[in-house]
Amino acid sequence: MKLSPQIESLAQFLAGKRLLLSEIPFQQDVITEALAQNVIEKVSGLHENGNSLKCKRCGNQDRSLFGVHHCARCEQDCSYCRHCLQLGKISSCQQLYSWSGPPTSHGNLQDTLKWQGELSPGQKQASKSVIQAIIDQTELLVWAVCGAGKTEVLFHGLERAFATGKRVLIATPRTDVVKELYPRIQASFTQVSITALYGGSKIRHSNAQLVLATTHQTMRFYKAFDVVIVDEVDAFPFSYDESLQYAVDHAKKPIATTILLSATPSAQLVKKRSLNIVKIPKRYHGFPLPVPRFQWIGNWKKQVKKSQLPPKIHHWIQTYFAKKKLLLLFVPSVSTLATISQILIKNSIEHASVHAADPNRHEAVQAFRRKNISLMVTTTILERGVTFPGVQVAVLGSEDDVFTEAALVQISGRVGRKKETPTGDIVFFHYGVTKAMRAAQAHIEQMNREGGFS
Amino acid sequence: MNRCLACHGTYYDQPGWRRLLMIEQLSQICQTCESKLVLISGRRCIKCSRSLDQLSQTYRKGEQCLDCWRWDQQGEILEKNLSIYEYNAFLKEWLATFKFRGDAIIASFFTNKLANMYEKHFQGYVPVPMPLSNERLLARGFNQSSLLMKGWADAIDSLVRTEGEKQSKKNRKQRIRQFKQNPFSFKSESDVKGKNMVLIDDIYTTGTTVRQAARVLQEHGATKVASLTIAR
């Protein structure tokens, strides 16, 4: 069947997505015609089954994340999903539209990789596994230590995918990761159409061959990708949680390649039977991972309450200040961050502090990176995805529940990332050693053993 | 365990006898979000509730803010406005989620608080929701003022809104200038003669909208017209 030019352009827009009518910039008569020709499909946005509700877009089934009100459109009590509200409200009386006509395709692009760097032996092996997973359309976990160079491991696989006309999604829970990856990937694949989608980006829809997107932005796609790469599958606060999994499962085609990247995969994920695993236990620069040391500091909360800095922490700061080092101090909560910051001011110790809701977060991180400030106090927000050359790291109150094994491994992974400064201090200041602390230390030592260090 | 109506995080309520004996209702939002809501307190403009303590001297005229003083010069029609919270960054974001993203159940956090204010300050007044234009009502799916009145007043429309351009998209000057072109008209079957009315809305910003609505009510015989809003 020959499609009219209008429906042809609707196909270009809608293929690979599942959207609300309000998100589709076409006249109602075009949509009606397309429905009549059976080239688009609509399903109700919420699935209601007796007392239970499920959002078709984000997979939310948690009663406490649905709202209800008398709706002026359908003139009855109408439920809506609060979990993915920021993508546009889905109510019981709304439908999701997707393209079901002939598939649209991307061309085969040969020799797209412009990157000419050298892979480390560990990266090379992982790169081979990535290519194989793309050919065989299987599921692969790349378990790479912090600082192994995960991104470069993808490059040859991506080139292979584009050469066979495949469409690729790189999804990650964190906006920061999307923003950081985008320019690097763009510079490496100049001929390929690439889009970055994240909350706050101007672009909302994309037909690009390579899409980088946050969890939420992934939810607009439907049966779109041949290859799905999930970066930082364990990143707080999402971990490889149900909504990311749901979004990724719906965004990929029924037969597709899934590649998961992590330095700290959950035990549950590692046990998954259909999953192939390739490990990179060594950093790209060839030096071992710095192993955390433990330092008991007693009841630090009590001292902090009295406006005193635990003496060992004070000493740690002074020692490295004298050596003109950059220092990163992790604290368990935003409230501790505020008190510690006050105590430091009282002691005239110059520093900056950041947390997730901090509007000046990026400026503060920039100032630290430029070494305008030597001490940065932070919540777990800076536990991953950042590199500060020559940094020394400490955790205050590492016994706190927020410092899981994964968090502590990531935090330790901030040290020694650069070839020029491959070592550094990592201390857990604690009031009682936890299982997570021991596990993190053992995890790092194990990776070093696997990397050939003893 | 509860789920915070604002940040969607989970939290536990502080235990206490008042909660247990149901004197105090359940909190609905976590302590962190609660701490970001600031009740208007201290000296406030006698007319519109704006906090005077945070306003620089140049924007004040005695016990009034400069805006209200200007309205007085033009011939004031609004008796007074009362608001509960300061319109800070947190509340701005939260009310935007409520109104523009359509998260209707956020209203349930404010209904009791508005009801208490009404009981205390507006005995004998008839509460009136701010109307939406028909197109806007269909696009949004609900009228935010009517939702804010749920459980404590019948949202009976006395007004109709004809023009639909978004107030929040205009600047202050545009909004005050267009005061003359009134988007509201009177609903023919209603009767407000000799009654005191109080308009219910989410935000009082420049005060233009409530005064436009107040004028229509007065022209149709209302004695006094005031307004009650969540934020100022």
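The values are calculated or read from the model by the stated rules, or taken from the named source; none is laboratory data. Since the model is a prediction, treat every value here as computed from it, not as a measurement. Every residue, glycine as well, gets a Cβ built from its backbone with ideal geometry; the counts of neighbours run over all protein chains shown.
So in the range B:132-164, with the set limited to residues that are among the small types (Gly, Ala, Ser) and on the phi < 0 side of the Ramachandran plot, which one is farthest from the other protein chains (Cβ to nearest Cβ)?
Among those that are among the small types (Gly, Ala, Ser) and on the phi < 0 side of the Ramachandran plot, it is B:Ser158.
Does A:Ala161 qualify as being crowded, with 23+ Cβ neighbours inside 10 Å and more than 20 Å from A:Asp234 (Cα to Cα)?
Spelling it out, A:Ala161 is indeed crowded, with 23+ Cβ neighbours inside 10 Å and more than 20 Å from A:Asp234 (Cα to Cα).
Matching residues to (1) farther than 30 Å from B:Ser133 by Cβ; (2) surrounded by fewer than 21 Cβ atoms within 10 Å (Cβ to Cβ):
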site	(1), (2)
A:Leu19	no, no
A:Leu35	no, yes
A:Gly45	no, no
A:Asn49	yes, yes
A:Arg63	yes, yes
A:Tyr97	no, no
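Is the range B:6-17 home to any residue that is within 14 Å of chain A (Cβ to nearest Cβ) and in a strand (DSSP E or B)?
Yes, that holds for at least one residue.
Check whether at least one residue in the range B:131-146 is surrounded by 20 or more Cβ atoms within 10 Å (Cβ to Cβ), aliphatic (A, V, I, L, M) and touching a residue at least 40 places away in the same chain (Cβ under 8 Å), and report yes or no.
no
If you go through the range B:49-56 one residue at a time, do you hit one that is under 18 Å from B:Thr205 (Cα atoms), surrounded by 15 or more Cβ atoms within 10 Å (Cβ to Cβ), outside the structural domain of B:Ser227 (by TED's automatic domain parsing) and more than 17 Å from the chain's Cα centre (by Cα)?
Yes, the range B:49-56 has at least one match.
Show me the helices (runs of 4 or more DSSP H) found entirely inside the range B:67-185 where at least 1 residues are at pLDDT 95 or above and in the same structural domain as B:Arg211 (by TED's automatic domain parsing).
Ranges flagged: B:89-99, B:107-121, B:144-148.
When the residues of the range A:419-454 are filtered to those that are of a type in the set (Ser, Thr, Tyr) and out of contact with any strand residue (DSSP E or B) (no Cβ under 8 Å at 6 or more places or on another chain), which remaining residue is modelled with the lowest pLDDT?
The extreme case among them is A:Ser454.
Can you tell me which residue is surrounded by the fewest Cβ atoms within 10 Å (Cβ to Cβ) among those in the range A:164-198 that are touching a helix residue (DSSP H, G or I) at 6+ places or on another chain (Cβ under 8 Å) and over 24 Å from A:Lys253 (Cα atoms)?
Looking at residues that are touching a helix residue (DSSP H, G or I) at 6+ places or on another chain (Cβ under 8 Å) and over 24 Å from A:Lys253 (Cα atoms), I get A:Arg184.
Could you list all residues from the range A:73-92 that are surrounded by fewer than 21 Cβ atoms within 10 Å (Cβ to Cβ) and either modelled with pLDDT of 95 or more or more than 10 Å from chain B (Cβ to nearest Cβ) (or both)?
A:Glu75, A:Gln76, A:Asp77, A:Ser79, A:Ser92, listed by residue number.
The rows are residues; the columns are (1) farther than 21 Å from A:Ile24 by Cα; (2) charged (D, E, K, R).
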site: A:Thr175; (1), (2): yes, no
site: A:Leu181; (1), (2): yes, no
site: A:Val192; (1), (2): yes, no
site: A:Leu197; (1), (2): no, no
site: A:Ser201; (1), (2): no, no
site: A:Arg204; (1), (2): no, yes
site: A:Thr218; (1), (2): no, no
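In the range A:42-54, which residues are of a type outside the set (A, V, I, L, M) and more than 14 Å from every other protein chain (Cβ to nearest Cβ)?
Answer for the range A:42-54, where residues must be of a type outside the set (A, V, I, L, M) and more than 14 Å from every other protein chain (Cβ to nearest Cβ): A:Lys42, A:Ser44, A:His47, A:Glu48, A:Asn49, A:Gly50, A:Asn51, A:Ser52, A:Lys54.
Which residues, taken from the range A:380-396, are assigned to a loop (DSSP other than H, G, I, E, B) and surrounded by 23 or more Cβ atoms within 10 Å (Cβ to Cβ)?
Scanning the range A:380-396 gives A:Glu383, A:Arg384.
Picking from A:Met447, A:Met437, which residue would you name as being outside any loop (DSSP other than H, G, I, E, B), more than 28 Å from A:Pro311 (Cβ to Cβ), touching a residue at least 60 places away in the same chain (Cβ under 8 Å) and not basic (Lys, Arg)?
Being outside any loop (DSSP other than H, G, I, E, B), more than 28 Å from A:Pro311 (Cβ to Cβ), touching a residue at least 60 places away in the same chain (Cβ under 8 Å) and not basic (Lys, Arg) holds for just one of A:Met447, A:Met437, which is A:Met447.
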